[in-house]
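The values are calculated or read from the model by the stated rules, or taken from the named source; none is laboratory data. All figures in this text were calculated on a predicted structure; none of them were measured in a lab. Ideal geometry is used to build each Cβ from the backbone, glycine not excepted, and the neighbour counts take in all protein chains shown.
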Amino acid sequence: MASNIQEIIDSIQHPDEAWTRDSYLKEGISAIEANELREKWLFHLSKDEIDLLSHAADNVLKQSEQYLETFLLSLAAVELETNKLLKDEGNSLVEKIRFISREKVLRGQGFAIIKRIPVELWHQAKVAAAYLILSRLVGPLRPQNKAGHTLGHVADLGLSSDNPNVRVYQTKERQTFHTDSSDIVGLLCIRPAKEGGISAVVSTPAIFERIKETRSDLLPSLLKPLAADRRGEIPPGGQPYFMIPVFSIYEGYLSCIYQRQYLDSSQRFPDAPRQTSVDVEALNYFDSLCNDPSMQFSMRLEPGDIQLLNNHSTLHDRSAFIDYPEPSLRRHLLRTWIAPEEGVRPLPPIFAQRYGTVEPGKRGGVGLVDQIPVAYWDLSPILQEVKLET
Ligand SMILES: [Fe+2]
């Protein structure tokens, strides 16, 4: 290994806590280990906390004019209700969400599950309002597409990722291990699939450490910028692809940006730098470690479960799924991309290509500078947009 690469590796000063302290760094995270440590990642909201959230969500609906006709929630109302909760001293909902997001997701093992929002009891508009408020308690929300959607709908839209402008969360295909473009990604499960759709998480430092131990000759390919496809979400004046390393070590923090399909489809652009045969071997090895069951923690999200993941210190995957035939029973998750203002790690300037900026509270997301953020509580306007585009 070249000595400068060794110096880069040696510069890791802030290994992600729980993964290292609890031997995850070397062992990865198996389902057994994770299950033994449920108190570290599994949290419940009390009745009082649900009541607080319910009241705030009702207020958002009251302030969202004609939300039943337009499917739109007022983000100004979400902001107002979130601020009311934040100003309410000693509010246990705020304290709990702050503890989970800062101590477990941003600094700890990088993931947490919060059970369980009463999705069967509430109208879907109220579920969406409550989820926006909970996410906003973690930090500002970032847009997930060029239409400025701050509330994503993860469902099978009848699309295929063979189309290079389609993003994999819009399909029923397996996603493969990847990171999203934000500090934290949150998912709320409204309905799971009939079969499949299992969520799996691996630890970035565990993968890095395993490569260092077994194939350190491949690390240079994973520490140098590689071309990644933007899948049609191109910022003004930007290129359809960007250059980013898989692993970045910056101010002592190891962070990862990864989506294999987007690395590979960048090669459709003639001016994108080519992947060498060693690069391909390194990416294949990276994938094989992520796919090793002993490195993974798998979970099936049940209705009302919220999953929070740190994109810098974990990668996640979702297996392919089969839906019920009835549209009203199909798998449906709500997604938020969150940029906390406090407690986040510094990110290298090169991340600005993907994140817009590396400034905490404003980084991450995709989309345009001047877009107006919107939040649809229902899938139907999104299906309508898909129909218009195809
Ligand atoms: Fe994702």
Yes or no: segment 340-359 includes at least one residue that is outside any helix (DSSP H, G or I), closer than 18 Å to Leu75 by Cα and away from the ligand (no atom under 13 Å from the Cβ). yes
Within segment 91-121, how many residues turn out to be aliphatic (A, V, I, L, M), assigned to a helix (DSSP H, G or I) and more than 16 Å from Ser46 (Cβ to Cβ)? 2
Checked segment 162-178 for anything under 13 Å from the mean Cα position of the chain (by Cα) and either more than 10 Å from the ligand (Cβ to nearest atom) or crowded, with 23+ Cβ neighbours inside 10 Å (or both); matches are Phe177
Consider only pairs whose beta carbons are under 7 Å apart and that are at least six residues apart or on different chains; among these, list those whose first residue lies in segment 308-336 and is among the aromatic types (Phe, Trp, Tyr) and at pLDDT below 95 and whose second residue is assigned to a strand (DSSP E or B) and more than 15 Å from the ligand (Cβ to nearest atom). Phe321/Glu195; Phe321/Gly196
Can we say Ser181 is more than 12 Å from the ligand (Cβ to nearest atom), modelled with pLDDT under 95 and in contact with a helix residue (DSSP H, G or I) (Cβ under 6 Å, 6 or more places away or on another chain)? no
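Just to be sure, is Pro303 modelled with pLDDT of 95 or more and in contact with a Leu (Cβ under 7 Å, 6 or more places away or on another chain)?
Values: modelled with pLDDT of 95 or more: yes; in contact with a Leu (Cβ under 7 Å, 6 or more places away or on another chain): no.
So Pro303 fails the test.
Taking the condition of being of a type in the set (Asp, Glu) and touching a Ser or Thr at 6+ places or on another chain (Cβ under 7 Å), how many residues in segment 187-216 meet it?
Selection size over segment 187-216: 0.
Condition test on Thr336, is it within 14 Å of the ligand (Cβ to nearest atom) and either acidic (Asp, Glu) or over 24 Å from Leu45 (Cα atoms) (or both)?
Working: within 14 Å of the ligand (Cβ to nearest atom): yes; either acidic (Asp, Glu) or over 24 Å from Leu45 (Cα atoms) (or both): no.
Considered against the rule, which asks whether it is within 14 Å of the ligand (Cβ to nearest atom) and either acidic (Asp, Glu) or over 24 Å from Leu45 (Cα atoms) (or both), Thr336 comes out as no.
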Failed condition for Asp305, given (1) farther than 24 Å from Ile350 by Cα; (2) charged (D, E, K, R); (3) surrounded by fewer than 16 Cβ atoms within 10 Å (Cβ to Cβ), with all others met? (3)
